[in-house]
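Below is one structure, written out as structure tokens; the observations come after it.
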Amino acid sequence: MRRLATLMAAPILALMLTAAEPPAPPDRPLSDAAQEARAQALFKDVRCVVCQHEAIADSPAGVAGDMRRLIREEIAGGATDQAVRDDLVRRFGDYVLFTPPVRAGTWLLWFGPFALVLLAGGVLAMRARRHPAQAVAPLSPDEERRLDEVLRNEKLRRDPDATSPHDGR
């Protein structure tokens, strides 16, 4: 029975081992130093679609290697930086850029935090207006007389647990 389970598990294990993403092919820098500098600058502005928190300049993912190669090909073909960005956005969406453009689809991303702060401030202001601070009623003459009597008769004594830097202990 154990052999049968091992024989059935072996193909599944082999499939799992081969399903891992292959390593990215090594990068081939552009021969023109100015074009390679443009490509490197773009690599830092483009988000890896697999890692999502890394720029493709730092990502070891195969997709990031493909994106670097694509950017280099477009730059070598004479595309401007903006044309390369537009092509990446067309392929992968606005999320691929660390600083997406400001347009109707990204308003929430750009202005959402400010809107939340304004909304929270508005809610706090409305709650403060609805529940104004209640004024404390002054003491009646009878209450003032009793308070004076208690204060005169109360012998102030020192708390034995309290300490002061001036105690000299």
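The values are calculated or read from the model by the stated rules, or taken from the named source; none is laboratory data. All values derive from a computational prediction rather than experimental measurement. A quick note on method: Cβ atoms are made from the backbone with ideal geometry, for glycine too, and the neighbour counts reach across all protein chains shown.
Return the residues of the range 99-117 that are surrounded by 11 or more Cβ atoms within 10 Å (Cβ to Cβ) and of a type in the set (A, V, I, L, M, F, W, C); say none if nothing qualifies.
Hits for the range 99-117 are Val102, Trp107, Leu109, Trp110, Phe111, Ala115.
So which of Thr106, Thr99 ends up being modelled with pLDDT under 95, in a helix (DSSP H, G or I) and of a type in the set (Ser, Thr, Tyr)?
Details: Thr99 fails: in a helix (DSSP H, G or I).
Step by step, each of Thr106, Thr99 is checked, and only Thr106 is modelled with pLDDT under 95, in a helix (DSSP H, G or I) and of a type in the set (Ser, Thr, Tyr).
Could you tell me whether the range 1-21 includes any residue that is among the small types (Gly, Ala, Ser), surrounded by 12 or more Cβ atoms within 10 Å (Cβ to Cβ) and either more than 30 Å from Phe111 (Cβ to Cβ) or modelled with pLDDT under 90 (or both)? Walk me through it before giving the result.
In the first step, residues of the range 1-21 are kept if they are among the small types (Gly, Ala, Ser); the result is 5, 9-10, 14, 19-20.
Adding the requirement that they be surrounded by 12 or more Cβ atoms within 10 Å (Cβ to Cβ) leaves none.
No: zero hits.
Step by step: first the residues of the range 49-77, then only those that are out of contact with any Lys or Arg (no Cβ under 8 Å at 6 or more places or on another chain) and β-branched (Val, Ile, Thr), then the one that is farthest from Ala37 (Cα to Cα). Which residue is that?
Restricting to residues being out of contact with any Lys or Arg (no Cβ under 8 Å at 6 or more places or on another chain) and β-branched (Val, Ile, Thr), the top hit is Val50.
Name the one entry in Asp27, Asp86 that is among the charged types (D, E, K, R) and at pLDDT 85 or above.
On the way: Asp27 fails: at pLDDT 85 or above.
After ruling out the rest, the residue left standing is Asp86.
Looking at (1) within 30 Å of Gln40 (Cβ to Cβ); (2) part of a loop (DSSP other than H, G, I, E, B), can you tell me which one Ala137 breaks?
Ala137 satisfies all of (1) within 30 Å of Gln40 (Cβ to Cβ); (2) part of a loop (DSSP other than H, G, I, E, B) except (1).
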